[in-house]
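Worksheet: the structure to be examined is printed underneath.
Each reported figure results from applying straightforward, stated rules to the coordinates on display, with no laboratory input. Computed from a predicted model, the values in this text were never measured in an experiment. Every residue, glycine among them, receives a Cβ derived from its backbone with ideal geometry; neighbour counts consider all protein chains shown.
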Amino acid sequence: MRGSAPLYDMTPTPAALTAENDRPLVAAATTDEHALAERALTIARRTALGVLGDAEAAADVAQDVAVLALRKAGTLRDPAAADAWLHRVAVRAALRHARREGKRRAAERASHEPSLPGRPDPDPASAVQALFAGLPHRQRAALTLRYVHDLSDEQIARALGCRRGAVRSMLSRGRDAIRPALERTDP
C-alpha cells in the first residue's frame with residue numbers, strides 16, 4: 001500500500017500526505033474508492049494510535065473510518081477538504097472508542113480486587129509513553145494532530161470541534177505533563 005505506515009510509526013506525516021502538497025491526490029482520492037480507503041486508513045490509523053496508544057484498537061478505528069469514508073465520499077462538498085474531514089472523523093471515532101473502553105475497563109476493575117502496584121519501569125521511553133497514555137484523550141488527540149500529522153492550531157481546532165485557544169491550552173498542558181519524562185531522557 002502506497003503511503004501507509006506501520007501502526008507503531010509515530011513519525012510526522014510525510015510531505016506526500018500533507019494537504020498543501022497533494023491537492024490533486026486528495027481530489028483523486030474522493031473519486032477513486034481504493035485511493036480514498038487507503039488515505040482514510042493511513043490518516044485514521046496514525047490519529048487513532050496517537051489518541052488510544054493501542055495498535056489493535058487503532059486498526060479497528062481505522063477500518064471503521066475507512067468504511068465511513070467510502071460510504072460518505074459522495075457527500076463531500078469540497079474534495080479539497082477531505083483530509084480535514086478524515087482527521088475530524090478519525091479523532092471522534094478514537095475518542096468514542098476510548099470512552100467505550102474506559103467504561104468497559106471500569107466495570108472490569110469494579111469486579112476484581114485491586115492488585116499490588118508494580119515496580120516502576122526504569123526505561124525513560126516507557127515513562128514518556130506512560131505519561132502520554134495518562135493524558136486526557138482530547139490532549140492526546142491534539143498532540144497527535146500537531147506532532148504526527150503536523151496540523152496547525154486552526155486545523156486541529158476544526159478536527160476537535162473547539163476554538164484555537166482551547167487547542168493551544170491542550171497542547172501546552174499536554175507538553176507540560178510529559179516534559180519531566182522528556183527531560184529525564186536527555187543525556
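Remarks
- Estimated vicinal HN-Hα couplings, Hz - the range 37-46 in sequence order (Karplus 6.51, -1.76, 1.60; Gly, Pro = x): 4, 4, 5, 4, 4, 5, 5, 5, 5, 5
- Per-residue 3J(HN,Hα) values for the range 135-144, derived from phi via the Karplus relation 6.51 cos²θ - 1.76 cosθ + 1.60 with θ = phi - 60°, read 5, x, 4, 5, 5, 4, 4, 4, 5, 5 Hz in sequence order (x marks Gly and Pro).
- Kirkwood Rh and Cα Rg combined as Rg over Rh, evaluated for the range 123-187: 1.01
- Burial ranking of peptide ranges 40-48, 61-69, 149-157, 129-137 (average Cβ count within 10 Å, highest at the top): 40-48, 61-69, 149-157, 129-137
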